[in-house]
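The values are calculated or read from the model by the stated rules, or taken from the named source; none is laboratory data. Remember, it's a predicted structure, so these values are computed and weren't measured experimentally. Please note: Cβ atoms are built from the backbone with ideal geometry, for glycine as well, and neighbour counts cover all protein chains shown. SASA here: full protein model, heavy atoms, side chains in, ligands and nucleic acids out. Shrake-Rupley method; radii C 1.70, N 1.55, O 1.52, S 1.80 Å.
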Amino acid sequence: MTISIEQKYHGAVFKELIDGLSNLENSIYYSIAPTNESRSGYIMEVIPKNEPNTQPIKLGLFIKHSTKRRPPWRYSFHYVHQVEMDLLKSECNEMFLVLVPGDDGIASINYSMLKEILDENYEEVEWVSLSRKPNQSYRIAGSNGKLRTTLAKNTFPNLLVDFIHKSLF
């Protein structure tokens, strides 16, 4: 079996996420499954370990990667990608876009942040750009605007872990 570049980048995302989840004060059970829509979408279900009968929270993850070595990193979003992200948001408690800029790190934004850079009017292809100067935070922009705040390098997995913590405990 040959391991693709995509599998390596997605594996790095899940490794960092698992490491972040291990820092939660309370133990959890979680499962992660790919969607049937594309190779980029996943649904993660999480429940507290001490309350196994609790309704799970569901997180939608949409992962894009760039093999480019230096900023800016650009990601193309076809119409079907944006529709899939909307589906993830409607099926889940929250949806997160996870961007892997080469070997630089991992950045993430939630659905409301995504709507600041890609609006509800979907073109056939739109873009998201991620950049970072040395020792600075990520800056993110899209076809329809730029994010008002910068993203710290530890935004991923902290954004997801914080959402899980607030939702469950």
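Worth pointing out:
- Lysines whose Cα lies under 20 Å from that of LYS146, excluding same-chain neighbours fewer than 8 positions away: LYS64, LYS115, LYS133
- Across the range 94-99, rounded Karplus estimates of 3J(HN,Hα) from the backbone phi angles (6.51 cos²θ - 1.76 cosθ + 1.60, θ = phi - 60°) give 7, 10, 10, 8, 10, 10 Hz, Gly and Pro being marked x.
- Taking a Cβ cut-off of under 10 Å around HIS78, the surrounding Lys, Arg, Asp and Glu residues balance to a net charge of -4, with basic ones at +1 and acidic ones at -1.
- Helix 155-168 and the long axis of the chain differ in direction by around 30°, with both axes built from C-alpha atoms.
- Helix 5-21 vs. the chain, principal-axis angle (Cα, 0 to 90°, nearest 10): 50
- Inter-part distance, the range 132-160 to the range 1-30, computed on C-alpha centroids, equals 20 Å.
- The range 125-141 - phi-based ³J(HN,Hα) in whole Hz, Karplus 6.51/-1.76/1.60, Gly and Pro as x: 9, 10, 9, 10, 10, 10, 9, 7, 7, x, 6, 10, 7, 6, 10, 10, 9
- Rolling a 1.4 Å probe over the protein chains gives ILE63 an accessible area of about 0 Å².
- For a label point 7 Å along the Cα-to-beta-carbon line of LYS146, residues of the range 89-130 with backbone N under 18 Å: 108-109, 113-119, 127-130
- Sequence-distant contacts, meaning Cα pairs under 8 Å at least 6 residues apart, place the relative contact order of the chain at 20 percent.
- The Cα trace of the range 116-169 gives Rg and Dmax of 14.0, 41 Å, the first to one decimal, the second as a whole number.
- Convex hull of the range 33-106 built on C-alpha atoms - directionally averaged projected area, nm²: 6.0
- Within the shell defined by Cβ-Cβ distances under 14 Å, the residues around ILE5 carry a net charge of +3, with Lys and Arg each +1 and Asp and Glu each -1.
- Residue-wise HN-Hα coupling along the range 59-76, computed from phi with Karplus coefficients 6.51, -1.76, 1.60 (Hz; x: Gly, Pro): 10, x, 10, 10, 9, 10, 10, 10, 8, 5, 7, 10, x, x, 9, 10, 10, 8
- Pair-distance distribution of the chain: all C-alpha pairs, bin width 5 Å, starting at 0; shares per bin in whole percent are 1, 8, 18, 21, 21, 16, 9, 4, 1, 0.
- Taking all protein chains as shown and a probe of 1.4 angstrom, GLU84 keeps an accessible surface of around 10 Å².
- Every helix of 4 or more DSSP H residues in the chain counts as -39500 (n - 2.57), and over all residues that averages to -9500 deg cm²/dmol at 222 nm.
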